[in-house]
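A.B. asks: Dropping a structure here in structure tokens format, bear with me for questions.
Nothing in this text is a laboratory measurement; each read-out follows from the coordinates by a stated rule. On a predicted model such as this, the values are computed, not experimentally measured, just so you know. Positions of Cβ are backbone-derived with ideal geometry, glycine not excepted, and every protein chain shown enters the neighbour counts.
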Amino acid sequence: GYAPTDVDSWLKVFKKCKEFGLNMIRFHSYCPPEAAFTAADLVGIYLQPEGPSWPNHGIKLGNGMAIDRYLLDETKRMVRMYGNHPSFCMLAAGNEPAGNWVEWCGDFVDYWKSAGDTRRVYCGASVGGGWAFEPRSQYHVRGRARGLNWNKRAPQSIDDFYNDITRIEQRGKSGVKKFDINEPFLSHEQGQWCVFPDLKEIDRYKGAYKAGNFEIFKSLLEQGGMAHLSEKFLEASGKLQTLAYKYEIERNLRTPDYAGFQLLALNDYSGQGSALVGVLNVFWEEKGYCTSKEWRNFCAPVVPLAKFPKFIYADGDTVAVDFELYNASESALPNASVKYVMNTDGKKILEETYRLGQVPLGKNIVMPSVAKKITVSEAPLKVTLTATVSSNNKEVGENSWEFWVYPDTGVLPVPDDILVADCFDKQVIDRLSAGGKVLLTVAGKVKYGNDVVQRYLPVFWNTSWFKMRPPHTTGTLIHKEHPLFDRFQSDTWANLNWWELVNNAQVMNLANFPRTYQSPVQPIDTWHLCRKLGMVVEAEVNGGKLFMTSMDINTKLDKRHVARHMRNAILKYMSSGDFKPEMKVDTSVIVQILNEEAPKINMFTNESPDELKPQIK
């Protein structure tokens, strides 16, 4: 339960960070032992130790409490002991303070400036986006400009954080204050995208650190009849987590004047409700869905950046993409060139190489654009665009992006033997009772499952610590072995082409379906509840064949290419011999999905069970 005090342990951590393209480490509200500084010196990594306090849990700065003198005295001792280590080049007073902290932290920075110790730069505190602005810091670490805005708009890679890091406006009792930012600006605790637990870790925890939390999650999964899916949940959610990190880091790197970012962590954090925010586990090991090579495509000293206006195109569209280069390497890149390649289904459809000459240090370095008109017939194409930058004929940076081109086949007419309906009424029941086929589209009409809020992006931190704050899902598992996906090409997880089908879309709670049944499109619930969810259900009902979906496959199909293709794929599947549901359910189970509210779950009430109250008292 304490930080390691030997150099080798810290070398392992820092080398792993460097392997994943990181060049600095922030120590959240503490100072590491000297072994960490020695290891960082050897590896070559910047450190930001902090005063050992998180002064907003009853303790406040600038109110005359003992913490004021303690933090100043302790940071003096830190500098006296470790100040000559070249890795110790940043210092902050602590994390997210409360009280009269702005004035106190400003005085803290001024003290170190007046001390004449220019071996490092000084920041008042590392703070989230809701904290006030402290103007006297030599650099700022703030959570104001981070994340992705894909809950409200379709994914793209053009926008940036520039307006959020150059000027801050704050409302206070005296009105609105405006601050123009001239100092380096770093994002605070960027990322925090979650992944489903890797239950294989359970046996690795020993003694007081036994993984009781993971054992609970495993039990919940078993209760829901999904224990056999834990590895698939990890893989599907891990791919989405990696994608979210990729596009958030790229958004930071293409923002003019943004000085960098600090991730919350590269590995998981087992405290505060189990924050599974890492692509590495708590032991600093890969989990199997993202390698250091893949991560360094978008997190490295040299990163090509593509500016996609969208990732979904229609047949005959010209895919036009601008490019920039981020160069934070040791020096300018002499004799540089960039090669662009588009591949689909193992076939190369574009290859272009351009000479760049000498590329300077810096960011937003303009590179040649790419434009390619792509035509498709009946099946969509998933295309990978790769940009490789070389200097003196040696590769120095490579990055890649996926996009999709969908055929403009129009909306298929509904076959005569299929009834399409949006409510479970007498007409539907009569058709099923006659042995017919029904496509039931219930987007926006689900009751049993409407307490589960789904976004495209995954859970932030966790749903326990943030009181079930949405979203509640962390990706979607696509069961590609289902014959529907012979007609709708897909990965085993919700890649970017699934955004218009799952973002802000309802899920169905399948708790009352047969235990062995899994939806072909299976949203992954928060691991604190592990409810069995689905966006597609097929069953034999009253002797007929029912296909029910909560995906919106009805509206604006002229613009929503993926939804149109999904609707067509469903109709083709239902018209084929593959459509033969094996599961039988009563009409009451279907009616419940549409008419019955799921019981509200409050895991976090402050009231104690009656049998515990005497003991607590």
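A.B. asks: Using the Karplus curve 6.51 cos²θ - 1.76 cosθ + 1.60 with θ = phi - 60°, what ³J(HN,Hα) values do you get for each residue of segment 41-50, in whole Hz, with x for Gly and Pro?
C.D. replies: Taking θ as phi minus 60°, the curve returns 4, 5, 7, x, 8, 7, 10, 10, x, 9 Hz for segment 41-50.
A.B. asks: Can you list residues whose amide H is under 5 Å from Tyr313's amide H, if they're 5+ apart or on another chain and H is modeled 1.01 Å from N?
C.D. replies: Trp404, Val405, Tyr406
A.B. asks: Follow-up. Relative to the longest principal axis of the C-alpha atoms of the chain, give the angle of the C-alpha long axis of helix 212-223, reported between 0 and 90° and rounded to the nearest 10°.
C.D. replies: 10 degrees
A.B. asks: Right, something else. Which whole-number value in Å³ per residue fits the convex hull of the alpha carbons of segment 383-473?
C.D. replies: Output value, Cα hull per residue: 197 Å³.
A.B. asks: Follow-up. Roughly what % antiparallel, to the nearest 5, for the DSSP beta bridges in the chain?
C.D. replies: Just about 65 percent of them are antiparallel.
A.B. asks: If I fit a long axis through the Cα atoms of helix 230-253 and take the longest principal axis of the Cα atoms of the chain, what angle between them do I get, 0 to 90°, rounded to 10?
C.D. replies: For helix 230-253, the angle is close to 50 degrees.
A.B. asks: Around Leu477, which amide H atoms from residues at least 5 apart in sequence, or from another chain, sit under 5 Å from its own amide H, with H modelled in the peptide plane?
C.D. replies: When sequence neighbours closer than 5 places are left aside, the close amide H contacts are Gln522, Ile524.
A.B. asks: Tell me, what is a quarter of the convex hull surface for the C-alpha atoms of segment 254-344, in nm² with one decimal?
C.D. replies: Orientation-averaged projected area of the Cα hull: 9.7 nm².
A.B. asks: Using Cβ contacts closer than 10 Å as the measure, can you line up Val591, Val359 from fewest to most?
C.D. replies: Ascending number of Cβ neighbours within 10 Å: Val591, Val359.
A.B. asks: Still on this structure, please answer the following. So which lysines can Lys580 reach, going by Cα to Cα under 29 Å and dropping same-chain residues fewer than 8 places off?
C.D. replies: Reachable lysines: Lys232, Lys426, Lys437, Lys445, Lys447, Lys480, Lys532, Lys545, Lys572.
A.B. asks: For the chain, what does the helix formula give at 222 nm: sum of -39500 (n - 2.57) over DSSP H segments with n ≥ 4, over the residue count, nearest 500 deg cm²/dmol?
C.D. replies: It comes out at -6500 deg cm²/dmol, rounded to the nearest 500.
A.B. asks: Please state the Cα pair-distance histogram of segment 114-246 with 5 angstrom bins from zero: what percent is in each bin?
C.D. replies: Spelled out per bin, shortest first, that is 2, 8, 12, 13, 11, 11, 11, 10, 9, 7, 4, 1, 0.
A.B. asks: Which three semi-axes in whole Å describe the equivalent ellipsoid of segment 418-595, each the square root of 5 times a Cα gyration tensor eigenvalue, listed largest first?
C.D. replies: 26, 19, 15
A.B. asks: Quick one: angle between helix 561-574 and the longest Cα principal axis of the chain, in degrees between 0 and 90, rounded to 10, please.
C.D. replies: Roughly 40 degrees between the two axes.
A.B. asks: Limiting things to C-alpha atoms, what are the Rg and the maximum Cα-Cα separation (Dmax) for the chain, in angstroms?
C.D. replies: For the chain, the Cα-based Rg and Dmax read 27.0, 88 Å.
A.B. asks: Assuming 0.36 nm per residue, please report the length gained on full extension of the stretch Lys373 to Lys559 beyond their Cα-Cα distance.
C.D. replies: 65.1 nm
A.B. asks: Further, regarding this structure: Where the Cα atoms of segment 18-74 are projected onto their three principal axes, how long is each span, largest first, in whole Å?
C.D. replies: Sorted largest first, the three principal extents are 43, 20, 12 Å.
A.B. asks: Moving on. Give the separation of the Cα centroids, segment 238-287 to segment 91-140, in Å.
C.D. replies: 25 Å
A.B. asks: Calculate, axis by axis, the spread of Cα positions in segment 302-406 along the three principal axes, and write the results as whole Å, longest axis first.
C.D. replies: On the principal axes, segment 302-406 reaches 49, 24, 16 Å in Cα extent.
A.B. asks: Fewest to most neighbouring Cβ within 10 Å: what's the order for Trp284, Trp131?
C.D. replies: Going from sparsest to densest Cβ surroundings: Trp284, Trp131.
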